[in-house]
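Below is one structure, written out as structure tokens; the observations come after it.
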Amino acid sequence: MNPNALKPQAFEITAIRPILSDDISKNKIDRIMMALRGNDPDRTSIDLTEIRPLLIEDFSDGDINRIMMALKLSQANPN
């Protein structure tokens, strides 16, 4: 096993809204949640690597970077 291999970084989709709520408007979070669920409304989790491609068409690079940074920081500081 490669010790340098990336570990999956899955998020419960329902946990994403509270993570983003301090920095992003409710309206934008609603749009993010719709994009993350895509064609599968029953989806319960998503890997961090899947998020950017799902948001790329509807959000600016700045917005996506803020979203990704908030999610990554939440993993580094799970309070």
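The values are calculated or read from the model by the stated rules, or taken from the named source; none is laboratory data. These numbers come from a predicted model, not from an experiment. Here Cβ is always computed from backbone atoms with ideal geometry, including for glycine, and neighbour counts include all displayed protein chains. Note: accessible area is taken over every heavy atom of the protein model, side chains too, but ligands, DNA and RNA are not part of it. Shrake-Rupley method; radii C 1.70, N 1.55, O 1.52, S 1.80 Å.
Structure notes:
- Residue-level analysis places Ile56 outside the set of residues that are modelled with pLDDT of 90 or more, under 9 Å from the mean Cα position of the chain (by Cα), more than 13 Å from Thr14 (Cα to Cα) and among the β-branched types (Val, Ile, Thr).
- Among residues of region 10-21 that are closer than 12 Å to Ile32 by Cβ and in a helix (DSSP H, G or I), those with a Cβ under 6 angstrom from a residue that is open to solvent by less than 80 Å² (accessible area, probe 1.4 Å) and hydroxyl-bearing (Ser, Thr, Tyr), sequence gap 6+ or separate chain, pair up as Ile19/Ser74.
- Of everything in region 2-11 that is of a type outside the set (S, T, N, Q) and within 16 Å of Arg52 (Cα to Cα), the residue that is modelled with the highest pLDDT is Phe11.
- When the residues of region 31-41 are filtered to those that are out of contact with any Lys or Arg (no Cβ under 9 Å at 6 or more places or on another chain) and modelled with pLDDT of 90 or more, the one that is most open to solvent (accessible area, probe 1.4 Å) is Met34.
- Of all residues in region 51-79, exactly one satisfies the criterion of being outside any helix (DSSP H, G or I) and β-branched (Val, Ile, Thr), namely Ile56.
- Selection count where residues are part of a helix (DSSP H, G or I) and within 13 Å of Glu12 (Cα to Cα), scope region 30-49: 4
- Count of region 46-64 residues, restricted to those that are in contact with a Leu (Cβ under 9 Å, 6 or more places away or on another chain) and open to solvent by 90 Å² or more (accessible area, probe 1.4 Å), is 1.
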